[in-house]
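The values are calculated or read from the model by the stated rules, or taken from the named source; none is laboratory data. As the structure is a computational prediction, the values presented were derived from the model and not from experiment. Positions of Cβ are backbone-derived with ideal geometry, glycine not excepted, and every protein chain shown enters the neighbour counts.
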Amino acid sequence: MQHIILIGLSHKTAPVELRECIALTMEETVDTLAGFRSHPDVNESIVFSTCNRVEILMAAQNSENAVQTAKTFLAQSKRIPVEQFEDALYIHHDEDAIRHIFRVTSSLDSMMVGEPQILGQIKDAYLVATRQKTSGPLLNRLLHRAFSVAKRIRTETGIGDHAVSISYAAIELGRKIFGSLKEKKVLLIGAGEMAELAVEHLMGQQVGEIIVTNRTFERGFALARRFSGRAIHFDECVAQLKSVDVIISSTGATGYVINRDQVKQSLRSRRNRPLFFIDIAVPRDIDPRINRLSNTYVYDIDDLQTIVEENIKDRGQEAAKGERIVEEATVKFQQWHETLKVVPTIVALRKKVETIIDGEIKHTLASLNGLSSDERQALERMKSALVKKVLHHPTIFLKKNGCREDRTLYLDVTRKLFDLDK
Amino acid sequence: METLVVITCGFYFLSTAGYLFYLIFQKDFLQRAGFGLLLAGFAVHTVVLGTGWYQSGHIPVRNLYETLLMAGWATAGIFLAFSHRFNLKIFGIYAAPLITLIMLVATQVPRVPVQAKPIFDNFWLVIHILTIFLGEAALALACGAGVFYLLQERAIKTKHHGFFYKRLPSLELLDGVGYTCLIAGFTLMTFGLITGIIYAKSVWGRFWSWDPKEVWAGITWLLYAVLLHERLTVGWRGRRSAILAIIGFAIVLFTFFGVNFFLKGHHGIFTRF
């Protein structure tokens, strides 16, 4: 039977300096896969390399040789000695490897549990491996299983439900207010990393016009160019209250940039359309009393932070449900994996053929009356001979000859042809 | 007949349970089950009213029992129609219990036998009754949308995101649904009042007789007219619109039941013990 082996390092075992050294570029990944393909100790292989982990998934007859090969390949392709990263490596076999790949794909092993990118990254890595023809029947099945486990966890648990970053939390709130942020007008007051990130996320929601204002007009102008928006002078921003829908503020001002009366006066000409303030500045830019006006909502950085923390806590609870699904899937996959041993397959095959012949004999005997017990025994003997002869060559083939290279494939085909898994 | 009413109630009750579980567990199949059961209940309900109408030859709203059956049917019908229009799954948790409640009350009130009178056989009366009932059902849903709006707005304003915040849709959608329900309800009610006035003229010879029911119906209509007018001219929306939709429906209820119990008028026998 082929073993499933996973060797790798991640944010849990290796510091970022080391992960940077080990991370494989696309070319390096392809080269490594090509190396595995021509190596006799590794039958199947997939290489995952993201900023938080580098992992090699293999199917091989001899686990130890495969692990050695993988280590050597990593060291060679990154030109660093094995000793330098050996301590950070984890190695999982069979059931543990299956569980690990399920957990990784479902984002249960991620730095930020539930983040959605990992599934796409694994799919890409799998695509590369199939193009390089290094993934075979065993890993194909494992990966497809992993994708469906990930999908199931995403739909059945709330693992990816709520935002765990400030800017996404703001977007989520915006959606609860406006329904869709499409075509909504955004005003960005001031600049700053988090505010710019929020605007970028908003652009992902296909917002309408983006207006930027800054104390120094040039800086605002540059930002507006970046967001393909429009820059206005700082003292014009109050006039914009009449038309915008979302206001993101992050200036270094010591007092409020927008006060309650300014908003109150604009409400009527806005015809009470909702207005959403996201105040990322410390000290605050937006008068918190504005929140009490009708159809206006003000969230400051602390409010958003609180939401994020609650969401992270929720994710933790949902992750526990995900672990149960992974456990269930792991056991199932391991059971299938076990059946790929030669002997159980041959036994199952014999049983299948015997059952069929037994059924037919019984059927025929029912219509033949007055058969002596000798004659019946002769039929029995004929049955054993049939089973033996029919299965003689397949048995030899599966046991020894013919499928030296990839027994897993033939065992899998056999089980499918004769429907042995039911 | 009686069995069919029980079956109807059963479907509505199960639908309520389905929506309740949907509210708690957020599984889509529960919502679909709730919706399907409500649809089934509505189908049986239609048969009940149809047979009643066919057998007596009059639109079956001659005593409180029949009136409530009709009110439940109208609410279910309007809800089903609106569900088709809006993707607002959670709304069933308001509509299904409301319909069930109406039906339960209906089965509990005494069935006063009524004499057929010739004034019941009138085209305008049938239109009057149907439009008024459907209109009031739409206003009941507007009230529900208002309640949901207030809950959701409160969660967003107080920044306390609890049980309902996750389950309720956006303010914009809730406001939009409420507005559509208001428009539909107001239009139907206006139509119902006009046909009622025509009917009054045809049987009593007067368009308007300052009957308490008529007066209160006029007040209700005015309130909704003001609400819609303000919305169209200065953009009354959101919280204020939601509160008025709730108050408006309270007045509808008073006009529907209260007037008959506390005041007198020519609708008396239909909605009194």
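Structure data summary
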item	result
Among (1) surrounded by fewer than 22 Cβ atoms within 10 Å (Cβ to Cβ); (2) at pLDDT below 90; (3) within 34 Å of the chain's Cα centre (by Cα), the one test that A:Gly255 misses	(3)
Subset of region A:263-316 [away from chain B (no Cβ under 12 Å), assigned to a helix (DSSP H, G or I) and either hydroxyl-bearing (Ser, Thr, Tyr) or touching a residue at least 40 places away in the same chain (Cβ under 8 Å) (or both)]	A:Ser266, A:Ile301, A:Ile312, A:Arg315, A:Gly316
Count - residues of region A:151-173 that are at the interface with chain B (Cβ under 9 Å from one of its Cβ atoms), surrounded by 17 or more Cβ atoms within 10 Å (Cβ to Cβ) and either at pLDDT 85 or above or under 15 Å from the mean Cα position of the chain (by Cα) (or both)	2
1 or more residues hydroxyl-bearing (Ser, Thr, Tyr) and modelled with pLDDT under 90: qualifying helices (runs of 4 or more DSSP H) within region A:11-83	A:63-78
The lone exception for A:Lys182 - which of (1) within 14 Å of chain B (Cβ to nearest Cβ); (2) charged (D, E, K, R); (3) within 27 Å of the chain's Cα centre (by Cα); (4) over 30 Å from A:Ala319 (Cβ atoms) it fails	(3)
Single unsatisfied condition, B:Gly135 versus (1) within 14 Å of another protein chain (Cβ to nearest Cβ); (2) free of Cβ contacts under 8 Å to residues at least 60 places away in the same chain; (3) of a type outside the set (A, V, I, L, M)	(1)
In region A:137-157, the residues that are assigned to a helix (DSSP H, G or I) and over 23 Å from A:Val42 (Cβ atoms)	A:Ser148, A:Val149, A:Ala150, A:Lys151, A:Arg152, A:Ile153, A:Arg154, A:Thr155, A:Glu156
Selected residue (criterion: nearest to A:Gly160 (Cα to Cα)) from residues of region A:52-86 that are touching a Ser or Thr at 6+ places or on another chain (Cβ under 8 Å) and surrounded by fewer than 24 Cβ atoms within 10 Å (Cβ to Cβ)	A:Asn52
Region A:174-194, subset free of Cβ contacts under 8 Å to residues at least 60 places away in the same chain and in a helix (DSSP H, G or I), residue surrounded by the most Cβ atoms within 10 Å (Cβ to Cβ)	A:Lys176
Pairs with Cβ under 7 Å, 6+ apart, first in region B:73-96 and within 21 Å of B:Glu172 (Cβ to Cβ), second of a type in the set (Lys, Arg) and assigned to a helix (DSSP H, G or I)	B:Ile90/B:Arg167
Subset of region A:110-124 (residues that are crowded, with 22+ Cβ neighbours inside 10 Å and within 23 Å of A:His337 (Cβ to Cβ))	A:Ile122
Residue among B:Ser202, B:Ser241 that is at pLDDT below 85 and of a type in the set (Gly, Ala, Ser)	B:Ser202
Top-ranked residue in region B:52-111 [being more than 22 Å from B:Leu39 (Cβ to Cβ) and among the hydroxyl-bearing types (Ser, Thr, Tyr); ranked as surrounded by the most Cβ atoms within 10 Å (Cβ to Cβ)]	B:Thr67
In region A:214-249, the residues that are over 21 Å from A:Ile177 (Cα atoms) and in a loop (DSSP other than H, G, I, E, B)	A:Asn214, A:Arg215, A:Thr216, A:Phe227, A:Ser228, A:Gly229, A:His233
Region B:161-179 - residue that is among the aromatic types (Phe, Trp, Tyr) and more than 8 Å from chain A (Cβ to nearest Cβ) and, of those, nearest to B:His229 (Cα to Cα)	B:Tyr179
Top-ranked residue in region B:222-243 [being of a type outside the set (Gly, Ala, Ser), touching a residue at least 24 places away in the same chain (Cβ under 8 Å) and more than 13 Å from chain A (Cβ to nearest Cβ); ranked as farthest from B:Tyr149 (Cα to Cα)]	B:Leu223
Complete set of residues in region B:7-27 that are in contact (Cβ under 8 Å) with a residue 40 or more places away in the chain, assigned to a helix (DSSP H, G or I) and surrounded by fewer than 20 Cβ atoms within 10 Å (Cβ to Cβ)	B:Phe13, B:Leu20, B:Leu23
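For (1) among the hydrophobic types (A, V, I, L, M, F, W, C); (2) within 14 Å of chain B (Cβ to nearest Cβ); (3) surrounded by 19 or more Cβ atoms within 10 Å (Cβ to Cβ), each residue gets a yes or a no:
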{"residue": "A:Thr216", "(1), (2), (3)": "no, no, no"}
{"residue": "A:Gly229", "(1), (2), (3)": "no, no, yes"}
{"residue": "A:Asp235", "(1), (2), (3)": "no, no, no"}
{"residue": "A:Val246", "(1), (2), (3)": "yes, yes, yes"}
